[in-house]
Structures are given as C-alpha cells and as structure tokens.
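Notes follow once the structure below has been shown.
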C-alpha cells in the first residue's frame with residue numbers, strides 16, 4: 001500500500017476495511033477469533049476501541065511469524081508469540097450452534113463450535129449473504145472459488161470430478177497451472193477436527209518458506225476428504241493490496257450505499273458524484289444534489305441537501321442545506337435554511353435562516369432567528385472554545401462578530417457591522433459601529449498632487 005497506516009486500517013467509506021469483515025463475522029457467530037501480526041499494536045487498539053461492545057465475542061491472537069510464518073502459520077499454536085505483538089492479518093470466525101454442536105477443544109484457539117469459517121481482513125465487500133453458500137456446505141472442507149479472466153497473483157484451484165484436489169500458489173505455479181482461471185477466493189469453511197489433524201502436517205518447503213493454509217487442501221485430498229468448491233461472486237471477495245484496488249473497492253461500496261439509499265426513496269441527482277459513508281442513514285423524503293459528501297454517523301431526515309455540500313457526523317431534519325455549505329461534526333439542524341458558504345460546527349439550530357457567508361460555531365440558535373451575510377461567532381479565544389446562545393426571533397445584521405461567551409435573549413435586533421461582546425436582554429437594539437463621517441472635498445484633497453501632475 002506504500003503507507004505507514006496498516007493495510008487493514010485504510011478507510012473505505014468512513015470505516016477501516018477490517019471493520020467490514022469483523023461486522024459480518026459477528027453477524028454469523030458469537031465466537032470470533034482475530035489473528036494479528038504486522039503492526040499488531042495499532043490494529044489491536046482499533047479493534048478494542050471500535051468493538052468494545054462485542055468484547056465478550058472477540059478473542060485476539062498474535063502470530064509468532066518467526067516460528068510459524070504464512071497463512072497456515074497464523075492458525076498454528078501461537079501461545080509462545082515472543083516479540084511479535086507489533087505485527088496483523090487474518091480473521092477466524094466460528095459459526096454458531098445451528099451449524100454444529102459445541103465440541104471440546106481441538107485447536108490452539110479453543111474455538112467454541114465444530115465448524116470454522118476463515119475470512120480475510122482485507123475483503124471489505126464481504127457480506128453474510130454472500131457467505132451463505134459456504135455456510136450451507138455439509139463437506140468437511142468447503143472452499144470459495146471464482147473464475148477470473150486475468151487470474152495473475154491468485155492461487156489456482158485444481159478441481160477433479162467436482163472435488164478440489166490442490167491449490168497452487170502463483171509463485172509456485174508452472175505455466176500450465178498459471179493458465180487455469182479458477183482461483184482461490186481465500187475463504188474457507190471447515191471442521192475444526194480438520195485443522196487439528198492437518199495443521200501439524202504443514203511444511204514450509206516452498207518458494208516463500210511459509211506454511212500455506214492451501215497445503216492443507218492437498219493433504220486432505222490425498223486422504224480422500226471431501227473438499228467442495230463453492231462458486232462465489234468475485235465482487236464480494238475482492239482483496240485490497242494497492243491504492244488502486246482500495247479506490248476500486250470504495251467505488252463499489254459507494255455504488256451499494258447509493259443504491260440502498262435510492263431504494264429507500266432518496267432522490268439523487270447525478271448519484272455517481274455523491275459520496276456517502278457507511279454509517280449515514282436517511283429517513284423520510286430526502287433529496288441529494290450532485291457533488292454532496294455526507295460522512296460519519298450523519299442522519300438526514302426529510303431534508304434537501306443542495307449541490308457540493310459537506311455534512312459530517314450531524315443530524316439534519318426538515319431543512320434545506322446548501323449549496324456549498326459545510327456542516328461539521330456535532331450539529332443538530334431542524335427546520336432551517338443554511339445557504340451557500342455557511343459553515344456550522346457543534347451547534348444546534350432550530351428554525352434558523354443563515355443564507356450566506358457565515359461561520360456558526362459552538363452556538364445554539366432558536367426559531368425565527370435570521371443570520372445575515374458575514375456573521376461570525378468568535379468562539380475561540382486562543383485557549384478555550386466558548387458558546388453563543390441566541391434566543392428566538394433574533395435578527396443579526398450582516399458583518400456582525402459575536403464574541404463568545406455570549407447570551408442573546410429573544411427578540412433582539414443587532415445592527416450590521418456590530419462587534420458584540422456583551423449579553424443582550426429581550427427587546428434590545430445592539431449596535432457598536434463607529435459613527436460615519438463624510439469630509440467635503442476630501443477626495444480632491446487626498447489626490448491633489450496626483451491631479452496636479454495629470455493636468
């Protein structure tokens with residue numbers, strides 16, 4: 001990825017790609033095991049912070065990569081993990097009781113159920129529904145496969161008489177094998193007993209000097225174990241190894257999110273130009289114009305979001321926002337009109353009109369209030385953020401500075417160009433402008449030398 005960020009923590013539509021795999025695993029099972037290796041400390045912190053409510057259902061393991069390298073090594077006994085806690089990778093999730101009964105411990109991970117589903121942390125398009133064919137297989141081993149016109153880089157799957165006999169990694173494949181277009185999707189469903197039997201038999205005598213999980217397939221096939229190939233949709237199992245692939249996967253995710261929103265009745269103008277993040281939700285009659293970006297846990301209810309507006313982690317209800325507005329995190333805006341080049345941050349606006357060119361930060365504004373062009377809430381004194389509280393039916397003239405902390409009662413008129421530093425009580429007219437003075441013939445006096453030269 002050519003990035004200091006761990007691969008699986010790269011963002012796709014507002015979430016780390018790893019989060020998608022974990023979320024789908026948790027939909028399937030209450031016993032999810034995650035194996036970490038490279039940059040493990042960062043990944044562990046992310047999992048701990050993001051999935052704290054699922055801590056009873058997630059177990060973290062560290063791969064001893066110096067002793068057990070490779071995908072097979074990730075599943076081996078890693079209790080003696082040495083100094084490998086700064087390292088991260090595959091996910092293992094066991095499937096729940098309707099798949100199999102509880103069994104005694106048969107593997108280093110002490111997994112609770114006798115069926116094991118193995119996923120990858122870099123497949124963010126994976127879904128519970130896409131995994132159903134694997135989950136329904138009755139074979140001791142089921143392997144996801146799909147066909148690719150250009151299979152370069154993937155392990156090739158050898159199938160004979162409907163059974164998988166071998167998986168050959170790209171780096172170990174001869175030219176005849178490289179011509180095969182059936183590839184390993186990298187997801188497995190197998191009996192826990194299979195792992196207990198065949199993991200100890202894996203060797204690292206290959207081009208990478210690693211323990212391949214794929215070798216388990218060849219060993220089981222020699223013992224006539226049924227290995228069922230499960231045809232999967234490649235769109236759901238795309239891995240991410242480059243920035244280009246990251247962008248492609250995000251495009252696919254965006255298509256899914258936009259289609260879901262439109263299926264719910266959201267009107268979208270030029271939908272391919274609209275950016276949505278995974279936790280955005282819509283309710284009621286919403287209309288989104290071109291070039292809009294809605295991020296974080298934003299909730300849009302019965303609102304019209306106009307062109308090129310950005311909304312972050314905010315709730316918008318019964319409002320018109322934009323065009324070219326910026327709603328920053330922690331805003332709740334109801335029954336309001338926020339126009340072009342208005343920025344709002346950490347504020348509650350109810351029944352407010354702010355038509356253009358304003359900054360409203362850390363404020364509460366009540367219904368009927370009007371914010372003129374160029375109004376600024378001066379909320380930061382260099383050390384601390386301060387609040388501005390504005391009551392009902394307040395008219396704020398253009399080019400006004402509201403120096404917080406400030407409390408403005410209802411029914412107040414603030415004259416254009418005012419710098420307001422004191423609270424106002426109900427009914428006040430507030431103005432602080434310097435009185436204008438017009439000097440007769442001042443223009444000629446100011447420019448007299450230049451005029452003399454020109455004449």
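Taking segment 381-395 only, how many residues are farther than 14 Å from residue 423 by Cα and touching a strand residue (DSSP E or B) at 6+ places or on another chain (Cβ under 8 Å)? Number satisfying all stated conditions: 2.
Quick check, is residue 229 under 35 Å from the mean Cα position of the chain (by Cα) and modelled with pLDDT of 95 or more?
yes
All conditions in (1) buried (at least 17 other Cβ atoms within 10 Å of the Cβ); (2) under 33 Å from the mean Cα position of the chain (by Cα); (3) within 19 Å of residue 122 (Cβ to Cβ) hold for residue 156, with the sole exception of (3). Restricting segment 1-21 to residues that are over 22 Å from residue 72 (Cβ atoms), in contact with a helix residue (DSSP H, G or I) (Cβ under 7 Å, 6 or more places away or on another chain) and at pLDDT 95 or above leaves a set whose member that is surrounded by the most Cβ atoms within 10 Å (Cβ to Cβ) is 17. One residue alone among 179, 185, 189 is surrounded by 15 or more Cβ atoms within 10 Å (Cβ to Cβ), over 18 Å from residue 73 (Cα atoms) and under 38 Å from the mean Cα position of the chain (by Cα), and that residue is 185. When you check residue 259 against the structure, is it touching a residue at least 24 places away in the same chain (Cβ under 8 Å) and not in a strand (DSSP E or B), yes or no? Judged against the criteria, residue 259 is not a match. Checking each residue in segment 180-214 for being within 16 Å of residue 226 (Cα to Cα) and either modelled with pLDDT under 90 or part of a loop (DSSP other than H, G, I, E, B) (or both) picks out only 214. Residue 276 meets all of the listed conditions (1) touching a strand residue (DSSP E or B) at 6+ places or on another chain (Cβ under 8 Å); (2) without any contact (Cβ under 8 Å) to a residue 40 or more places away in the chain but one, namely (2).
Listed here are the strands (runs of 3 or more DSSP E) enclosed by segment 342-445 that have at least 2 residues being within 17 Å of residue 325 (Cβ to Cβ): 348-350, 353-361, 363-365, 376-378.
The values are calculated or read from the model by the stated rules, or taken from the named source; none is laboratory data. The structure presented is a predicted model; accordingly, all values stated were derived computationally and were not measured. We place every Cβ from the backbone using ideal geometry, glycine too, and count neighbours over all the protein chains shown.
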